[in-house]
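Student: Before anything else, here's the structure in question.
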Amino acid sequence: MVETIKVLIALILAYLLIAGIAGAFQAWVADKMGDSTARDIGMMSVNPFVHVDPVSLIIMPLGFLWAGIVIGLSRPIPITWHHIRSPLRWIKLGILALAQPLAMLMLLVGLLLLQLVLHMVFVSFRWDVSA
């Protein structure tokens, strides 16, 4: 029971981190491509509660407990497509479509690098962190 609670807490914290960073990055990319809609309504914030979908926050732990499935959805970033103008409009729209997966990939790489650095520090100083 205690392990299940630990996993649920870790899932919720990871969901909050990913939703905040990925949503803010997609809003930032939309702003750089010419659409200021997300900035105007305050979605360029890294605050996860701006981006978290409350229904998903309830369904995610229930899905994990019931079926072992984890699905976390965030609020969509509002984009007004006609604000994104030429030149290279279709390339800008493609970059905008890939912004959220790219943010998640960058977050993954950043966390892996942080883990590597922390591992090197703890191993080089021979700190016993198992206690």
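The values are calculated or read from the model by the stated rules, or taken from the named source; none is laboratory data. Worth saying up front: this structure is predicted, and the values here are computed from it rather than measured. With ideal geometry, Cβ positions are generated from the backbone for all residues, glycine too; neighbour counts draw on all protein chains shown. SASA here: full protein model, heavy atoms, side chains in, ligands and nucleic acids out. Shrake-Rupley method; radii C 1.70, N 1.55, O 1.52, S 1.80 Å.
Student: Can you tell me the relative contact order of the range 45-86? Whole percent, Cα pairs under 8 Å, sequence separation 6 or more.
Tutor: Numbers: 23 pairs, mean separation 15.7, N = 42.
Reported as a whole number, the value is 37 percent.
Student: Per the helix-only calculation at 222 nm, which mean residue ellipticity applies to the chain, given -39500 (n - 2.57) for every DSSP H run of n ≥ 4 and division by its residues, nearest 500 deg cm²/dmol?
Tutor: Working: 5 runs with 89 residues, N = 131.
My calculation for the chain gives -23000 deg cm²/dmol from helical runs alone.
Student: Quick one: net charge around Ile91, please, counting Lys, Arg +1 and Asp, Glu -1 for every other residue with C-beta under 15 Å from its C-beta. List each step's numbers first, then the result.
Tutor: Values: positive: Lys32, Arg85, Arg89, Lys92; negative: Asp35.
Combined, the nearby Lys, Arg, Asp and Glu give +3.
Student: Lys and Arg at +1, Asp and Glu at -1: add these up for the other residues within a Cβ distance under 14 Å of Pro76 and post the number. Each step should come with its number before you reach the end.
Tutor: Values: positive: Arg75; negative: Asp35, Asp53.
Spelling it out: positives minus negatives among the neighbours equals -1.
Student: Could I have the simple spin-label model distance between Gln115 and Thr4, label points 7 Å from Cα toward Cβ, reported in nm to one decimal?
Tutor: 2.6 nm
Student: Between Gln26, Ile12, Phe122, whose Cα lies farthest towards the positive end of the dipole of the chain when Lys and Arg beta carbons carry +1 and Asp and Glu beta carbons carry -1, centred on the Cα centre?
Tutor: Gln26
Student: Let me ask you something else. Quick one: with all protein chains in place, what share of the accessible area of the chain is carbon or sulfur, to the nearest percent (1.4 Å probe)? Mind showing how you got there, number by number?
Tutor: On the way: 6710 of 9050 Å².
Ligands and nucleic acids excluded, carbon and sulfur reach 74 percent.
Student: List the relative contact order of the range 16-72 as a percent without decimals, with contacts defined as Cα pairs under 8 Å and 6+ residues apart.
Tutor: On the way: 52 pairs, mean separation 18.5, N = 57.
32 percent.
Student: Given contacts defined as C-alpha pairs under 8 Å and at least six residues apart, what's the relative contact order of the chain, whole-number percent? Intermediate results must be reported in sequence, preceding the final value.
Tutor: Values: 116 pairs, mean separation 36.1, N = 131.
Once normalised by length, the contact order is 28 percent.
Student: Over the chain, give the accessible area per residue in Å² for a 1.4 Å probe, as an integer. Can you show the working numbers first?
Tutor: Values: 9050 Å² over 131 residues.
Ligands and nucleic acids excluded, the result is 69 Å² per residue.
Student: I'd like to verify something in the chain: which complete DSSP H helices, judged by Cα projection on the helix axis, reach 24 Å or more and average at least 0.0 on the Kyte-Doolittle scale? Kindly include the intermediate steps, with their values, before the conclusion.
Tutor: Details: long enough: 2-32 (45 Å, 1.53); 89-124 (50 Å, 1.84).
Both cut-offs are met by 2-32, 89-124.
Student: Calculate the length of the line joining the C-alpha centroid of the range 66-93 to that of the range 14-29, in whole Å.
Tutor: Taking the Cα centre of the range 14-29 as reference, the centre of the range 66-93 is 12 Å away.
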